[in-house]
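Right, one structure below, let's go through it.
The values are calculated or read from the model by the stated rules, or taken from the named source; none is laboratory data. What you see is a predicted model, and the numbers here were worked out from it, not measured in a lab. All Cβ positions, even for glycine, are placed from backbone atoms using ideal geometry, and neighbour counts span all protein chains on display. For accessibility, only protein heavy atoms count, side chains too; no ligands or nucleic acids. Shrake-Rupley method; radii C 1.70, N 1.55, O 1.52, S 1.80 Å.
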Amino acid sequence: MTTSPALPHDAIVLQNVEKQFGDHVVLNNVSMSVSSGEVVALIGPSGAGKSTLLRCINLLERPTSGSITVEGVTIQVDHSIKAKELAALRSRVGMVFQSFNLFPHLTVLRNISLPQQRVLGRSQAEAEERAMTLLERVGLADKAKQYPGRCSGGQQQRIAIARALALDPKVMLFDEPTSALDPELGLEVLAVMRELADEGMTMVVVTHEMQFARDVSDHVVVMSDGAILEEGKPHEIFASPSQPRTRAFLRAVLDRQ
Amino acid sequence: MTEIWNDWLTHHDQLLGGLWVSLRLAFMALLLGLPAGLVLAVGASSRRRVLRGFIVVVIEIGRGTPALVMLQVVYNGIPVTLTGFVCAYIALALTTAAYTSEIIRGGLQSVPGGEIEAGRALGMSSFDVLRDIVIPQGLRIAIPPLMGFCILMFQATSLAFIIAVPELTSQARSIANNTFHYLNLFVIAGVLYAIVTVSASLVTEQVEKKLQRHV
């Protein structure tokens, strides 16, 4: 682990990240950086490697080669990764999954307080206080004592966001956070994400919500076949994509929406 | 029927004493065997190949050995002198550990991978993920089949008569050896076993219903 080789304003730097599953190359030499406070939308067709790239940022997926820097913590994946390095990296990154992945045997409050106690060593009272503050923020304070199974998909996803935020991450990763939701329920999740973006949270969002990508993100990265096809400001990408593949993808997605 | 009732009236003290030994034996074997089963289940899911291989061999030996053989091996094989009860307790605990480890492993493996990933993404250590997410849910899933196994283990205590543990079957046999009322005594023993196992099955059903919440 080295301290801050990246420029101070770079929250995330990926350098030459490659990922193979056997002979299948999922990520082919991907490099990108995300400035702190920036919201990046990762878009592209299914199987492009968007989710894999996102999961490489917090090393849920270990790249085959390359380096990953998050808020000053750099990990060279070719070397063995120590548990301490991994913990340092993950403490800076929050993640929200498509399928929420709340713990069904714990109450909503406990879902948010338990990780704080385990990871940050907060007392139960402290952790629960923080959890309640966040539940109020996502409009679900009244669900604190319920079990996740009793909440709607949109509510579960907002709880999952609160759970990730409770650990005070510097960066938030969203892996298709609204794909498993009805459009109406998706909106309430997107509203919470918009608020987060407005507050200056660094976010990387894998999404098929083109409206969100266009209106909320500062930067759009288009991926295809495990590589970055093009990237730029949302209005550039949506108004005049330079790659025919991007044009075809955007046409297909926007027609459906 | 009257004869059976008369035998019960005459020998109920000895038979109930035997039942009490059977219950204690089952309880003790489960008390040691179930936690050991959990340890073996976690070990069998380990990422360390050598450890996993060793544990799987231990489990397979335990599962492959009939309880009756296990009782004899422990009784004759342990170099220190132990009572038949303690030997039976150890042997049945070993059998319990081997069998329940597979039941528990099935439970642990049925915890959705997404939840384990969420725990890791939150920065929880492997131990925390196991303790707080996998084991509580995995055990909850494994409880109904484990309770079924506990009932079988209670019945398996009858095998301990082979090493002279004065449990229910052994008492029934010893009374019958004197009275020659073999059928009567084993019918009474059978009814006593059934009272315990049917009650335990009813409890299992209730527990199963309760556990279906929040999973």
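Right, A:Ala164: under 30 Å from A:Leu89 (Cα atoms) and modelled with pLDDT of 95 or more or not? Walk me through how you get there before you give the answer.
Working: under 30 Å from A:Leu89 (Cα atoms): yes; modelled with pLDDT of 95 or more: yes.
Judged against the criteria, A:Ala164 is a match.
Confirm whether B:Ile141 is assigned to a helix (DSSP H, G or I), within 14 Å of chain A (Cβ to nearest Cβ), among the β-branched types (Val, Ile, Thr) and buried (at least 21 other Cβ atoms within 10 Å of the Cβ).
Judged against the criteria, B:Ile141 is not a match.
Which condition does A:Ser65 not pass, out of (1) within 24 Å of A:Met193 (Cα to Cα); (2) in contact (Cβ under 8 Å) with a residue 40 or more places away in the chain; (3) among the small types (Gly, Ala, Ser), if it passes all the others?
(1) is the only condition that A:Ser65 fails.
Return the residues of the stretch B:85-135 that are of a type in the set (D, E, K, R) and either more than 14 Å from chain A (Cβ to nearest Cβ) or open to solvent by less than 10 Å² (accessible area, probe 1.4 Å) (or both); say none if nothing qualifies.
B:Glu102, B:Arg105
Among the residues of the stretch A:117-132, write down those that are in contact (Cβ under 8 Å) with a residue 24 or more places away in the chain, at the interface with chain B (Cβ under 9 Å from one of its Cβ atoms) and out of contact with any Gly (no Cβ under 7 Å at 6 or more places or on another chain).
A:Leu120
Please go through the stretch B:144-158 and give me each residue that is hydrophobic (A, V, I, L, M, F, W, C) and either at the interface with another protein chain (Cβ under 10 Å from one of its Cβ atoms) or in contact (Cβ under 8 Å) with a residue 12 or more places away in the chain (or both), ordered by number. Lay out the reasoning, then the answer.
We begin by selecting, within the stretch B:144-158, every residue hydrophobic (A, V, I, L, M, F, W, C); these are B:146-147, B:149-154, B:156.
Once the filter is applied, which keeps residues that are hydrophobic (A, V, I, L, M, F, W, C) and either at the interface with another protein chain (Cβ under 10 Å from one of its Cβ atoms) or in contact (Cβ under 8 Å) with a residue 12 or more places away in the chain (or both), the stretch B:144-158 yields B:Leu146, B:Met147, B:Phe149, B:Cys150, B:Ile151, B:Met153, B:Phe154, B:Ala156.
If A:Leu181 satisfies all but one of (1) at pLDDT 90 or above; (2) surrounded by 20 or more Cβ atoms within 10 Å (Cβ to Cβ), what's the number of the condition it fails?
(1)
Which of the residues belonging to the stretch A:50-71 are surrounded by fewer than 23 Cβ atoms within 10 Å (Cβ to Cβ), assigned to a loop (DSSP other than H, G, I, E, B) and within 18 Å of the chain's Cα centre (by Cα)?
A:Leu59, A:Leu60, A:Glu61, A:Arg62, A:Glu71
Could you identify the single residue in A:Val192, A:Val205 that is in a strand (DSSP E or B) and among the hydrophobic types (A, V, I, L, M, F, W, C)?
A:Val205
Restricting attention to the stretch A:141-160, which residues are among the hydrophobic types (A, V, I, L, M, F, W, C), more than 12 Å from chain B (Cβ to nearest Cβ) and either assigned to a helix (DSSP H, G or I) or surrounded by 21 or more Cβ atoms within 10 Å (Cβ to Cβ) (or both)?
A:Ala141
Does any residue in the stretch B:1-26 that is modelled with pLDDT under 90 come within less than 8 Å, Cβ to Cβ, of a residue that is outside any helix (DSSP H, G or I) and open to solvent by less than 100 Å² (accessible area, probe 1.4 Å) six or more places away or on a different chain, and which pairs are these?
Qualifying pairs under 8 Å: B:Glu3/B:His181; B:Asp7/B:His181.
Quick one: how many residues across the stretch A:36-49 are open to solvent by less than 20 Å² (accessible area, probe 1.4 Å) and of a type in the set (S, T, N, Q)?
Of the residues in that region, 0 qualify.
All but one of (1) without any contact (Cβ under 8 Å) to a residue 24 or more places away in the chain; (2) within 30 Å of A:Glu136 (Cα to Cα) hold for A:Ala164; state the number of the condition that does not hold.
The number of the failed condition is (1).
Has the stretch A:18-35 got at least one residue that is surrounded by 17 or more Cβ atoms within 10 Å (Cβ to Cβ) and either outside any strand (DSSP E or B) or without any contact (Cβ under 8 Å) to a residue 12 or more places away in the chain (or both)?
Checked the stretch A:18-35: no residue is surrounded by 17 or more Cβ atoms within 10 Å (Cβ to Cβ) and either outside any strand (DSSP E or B) or without any contact (Cβ under 8 Å) to a residue 12 or more places away in the chain (or both).
Give the residues of the stretch A:214-245 that are under 22 Å from the mean Cα position of the chain (by Cα) and among the hydroxyl-bearing types (Ser, Thr, Tyr), sorted by residue number.
Of everything in the stretch A:214-245, those that are under 22 Å from the mean Cα position of the chain (by Cα) and among the hydroxyl-bearing types (Ser, Thr, Tyr) turn out to be A:Ser217, A:Ser224.
Among the listed residues A:Leu114, A:Leu109, which satisfies the condition of being more than 9 Å from every other protein chain (Cβ to nearest Cβ), within 20 Å of B:Ile133 (Cβ to Cβ), assigned to a helix (DSSP H, G or I) and without any contact (Cβ under 8 Å) to a residue 40 or more places away in the chain?
A:Leu109
For residues that are touching a residue at least 40 places away in the same chain (Cβ under 8 Å), more than 8 Å from every other protein chain (Cβ to nearest Cβ) and surrounded by fewer than 20 Cβ atoms within 10 Å (Cβ to Cβ), tally how many sit in the stretch A:86-105.
Number satisfying all stated conditions: 2.
Quick one: is A:Ser31 hydroxyl-bearing (Ser, Thr, Tyr) and under 22 Å from A:Glu209 (Cβ atoms)?
So A:Ser31 does not fit the description; no.
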